[in-house]
Amino acid sequence: MKAKLRWRLTPALSALSAAAGTKALPALPALPALAALAAGALLALPALAQSAVDYCAKARDPVRCEARQAALKNCADKRHAEKQACLEASIPPPDCSRAQNPQSCEAAQKAREVCRGKTGKELKKCLRDEQPKKKPKKKPATQPKAQPAN
């Protein structure tokens, strides 16, 4: 990609250096590309900050989203189990009244409460055991096809 970029920028830099009366350096074509990339990254920072605020405004549960963002900032210096405990203590449970399936949400909340403090495979097994079993869907009864009369 550097070769393509250098090939595209070389004629423009040659024209600029000829107008200024200086000779272009061979490594110079990479410098404007880096400067443009850095400028683009700096200009994008405010847009990234705004999108995080807008994200919570559009969330299903904006209060929980904002609390989660604050908890992530507060618990950023902690690691592993200590960070998990910090996040669990800081983030409020979801509002199941707004969920697509409130009964499933409440069952998941109860499972999380029962399995609190477990990690790794133990946590996965506990959550799997505590979740209510899904009822298998019944296949609709099909009528036997009528045999053609001979």
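Quick note: the coordinates plus some simple rules give every number you see, no bench work behind them. From a predicted model like this one, the values you see are computed outputs, not experimental measurements. Every residue, glycine as well, gets a Cβ built from its backbone with ideal geometry; the counts of neighbours run over all protein chains shown.
Across segment 56-71, coupling constants 3J(HN,Hα) worked out from phi with the 6.51/-1.76/1.60 Karplus curve, θ = phi - 60°, read 5, 5, 8, 5, 5, 10, x, 5, 5, 4, 5, 5, 5, 4, 5, 5 Hz, and Gly and Pro carry x. Going down the table (Lys78/Lys121; Lys83/Lys121; Lys58/Lys78; Lys83/Lys118; Lys83/Lys110; Lys73/Lys118), which pairs top 20 Å between alpha carbons? Over 20 Å Cα-Cα: Lys78/Lys121; Lys58/Lys78; Lys83/Lys110; Lys73/Lys118. Here each label is just a point 7 Å from Cα along the line to Cβ, and for Glu113 and Ala85 those points are 2.2 nm apart.
Please compute the net charge surrounding Arg128, taking Lys and Arg as +1 and Asp and Glu as -1 over other residues with Cβ under 13 Å from its Cβ. Computed value for this residue: +4.
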